[in-house]
1. So what J values fall out for region 157-162 if you push phi through Karplus, 6.51 cos²θ - 1.76 cosθ + 1.60 with θ = phi - 60°, rounded to Hz, Gly and Pro as x?
2. Treat every Asp and Glu Cβ in region 38-106 as -1 and every Lys and Arg Cβ as +1, leave all other atoms uncharged, and give the resulting dipole magnitude about the Cα centre to the nearest 20 debye.
3. Between residue 290 and residue 266, what is the FRET efficiency for a Förster distance of 30 Å, r being their Cβ-Cβ separation, to the nearest 0.05?
4. Output the Kirkwood hydrodynamic radius of the chain, Cα pairs only, in Å rounded to one decimal.
5. Read phi for every residue in region 320-337 and hand back ³J(HN,Hα) as whole Hz from Karplus 6.51 cos²θ - 1.76 cosθ + 1.60, θ = phi - 60°, with x for Gly and Pro.
6. Beyond 15 Å, what percent of the Cα pairs of region 74-121 remain?
7. Using a 1.4 Å probe, how large is the accessible area of residue 291, given in Å² and rounded to the nearest 10?
8. Collect residues whose amide H, placed 1.01 Å from N in the peptide plane, falls under 5 Å from the amide H of residue 98; neighbours closer than 5 in sequence don't count.
Amino acid sequence: MTSAPSAASTPSAAISGTGRQETAQPRPGPGQGPTDGLPLLHVPDAADTTTWVGEQRDELRAALLDHGAVLVRGLGIADPADVGRTLRQLGAVPLTEKETFAPRETHSEGVYSSTTWPPNQPMCMHHELSYTTEFPSLMLFACITPPATGGATTVADAAAVLDALPAELTERFLREGWLLTRTYGNDIGASLADAFGSEDRDAVERYCRAHAIAHEWLPDGTLRTRQRRSAVLRHPETGHRCWFNQIAFLNEWTLDPAIREYLVDEYGPEGLPFNTHYGNGDPLDQDTVRVINDVYEAHTVRRPWEAGDLLLVDNLRTAHAREAFQGPRHVVVALADPRRTADCEPTIEVTLP
């Protein structure tokens with residue numbers, strides 16, 4: 001998803017035993033840089049789909065490094081167990097999710113349901129767990145049941161997004177990082193058990209101290225946290241600097257206006273389940289959040305889901321989103337290959353805010 005590759009470097013040329021390969025192009029928009037889109041690999045009809053991923057492991061990994069995301073069609077993935085097997089065939093190390101922002105079901109180690117989110121509300125572009133000190137560098141999305149309409153898992157090149165954002169915006173985030181504030185206990189978003197794996201105060205506090213998260217308990221037992229993170233990281237393999245965060249996605253101005261108004265009225269501006277700020281704590285205005293989302297939109301690449309599809313995503317290099325949808329949608333997610341923020345040249349030191 002940088003410059004267009006030569007024929008020799010396309011996934012179909014690199015991976016033996018593949019069928020045809022296609023490339024999706026991003027939606028047209030201002031500031032769009034050159035891109036090779038989202039490669040689509042077709043598994044040959046004669047291939048043994050239960051072993052194909054393992055046989056093509058190195059080539060798939062190479063294609064993912066080249067393109068940032070690859071969609072494989074024809075594997076016939078039918079349930080979460082198939083996703084777990086695929087994860088093992090890739091030689092990936094499963095990651096146990098911590099600090100989730102919304103509940104989801106655990107199927108097996110590293111394999112989860114999609115995040116619980118209203119189907120009529122899109123999930124904007126973001127990088128999974130970008131606010132943690134150790135995040136998944138690899139993500140798998142597997143479509144068991146495609147929705148009737150919408151619901152695509154879309155992607156965007158994080159290096160191209162960084163280049164397209166206004167310099168005055170990125171320069172401040174480079175200096176200050178970004179601040180995430182969260183409130184647990186208002187029945188909206190993740191519970192303590194969802195996020196920390198425990199409701200025990202001592203266990204939660206130990207986790208917060210170990211991961212540079214400032215925390216306070218309110219009189220009603222609600223937990224409020226603050227954590228400052230780098231907005232830009234460097235990819236250890238490609239060397240690209242990437243816009244890697246959830247600044248826009250978790251900001252109040254990205255919420256549906258009616259939902260935002262309800263939450264502010266119900267819990268107050270400081271009691272939102274999550275919100276983002278400049279690294280020094282200053283609020284983000286609506287125009288700044290809109291600019292970020294507009295740049296994401298200009299670099300968005302989409303392919304509609306088909307049953308059995310597998311999407312591999314380099315979580316550092318590539319942001320992802322989910323469109324609103326209608327009808328049943330069953331997409332299983334896997335998180336793997338943990339990577340420490342400190343190993344990706346953060347622009348600020350991770351310390352208590």
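1. 6, 5, 5, 5, 4, 4
2. 140
3. 0.75
4. Evaluated over the chain, this radius sits at 20.7 Å.
5. In residue order, the calculated couplings are 9, 8, 9, 6, 4, 8, 10, x, x, 9, 10, 10, 9, 10, 10, 10, 7, 6 Hz.
6. Here the long-distance tail beyond 15 Å is 52 percent of all Cα pairs in region 74-121.
7. 50
8. none
The values are calculated or read from the model by the stated rules, or taken from the named source; none is laboratory data. These figures come from a predicted structure and were not determined experimentally. Ideal geometry is used to build each Cβ from the backbone, glycine not excepted, and the neighbour counts take in all protein chains shown. Note: accessible area is taken over every heavy atom of the protein model, side chains too, but ligands, DNA and RNA are not part of it. Shrake-Rupley method; radii C 1.70, N 1.55, O 1.52, S 1.80 Å.
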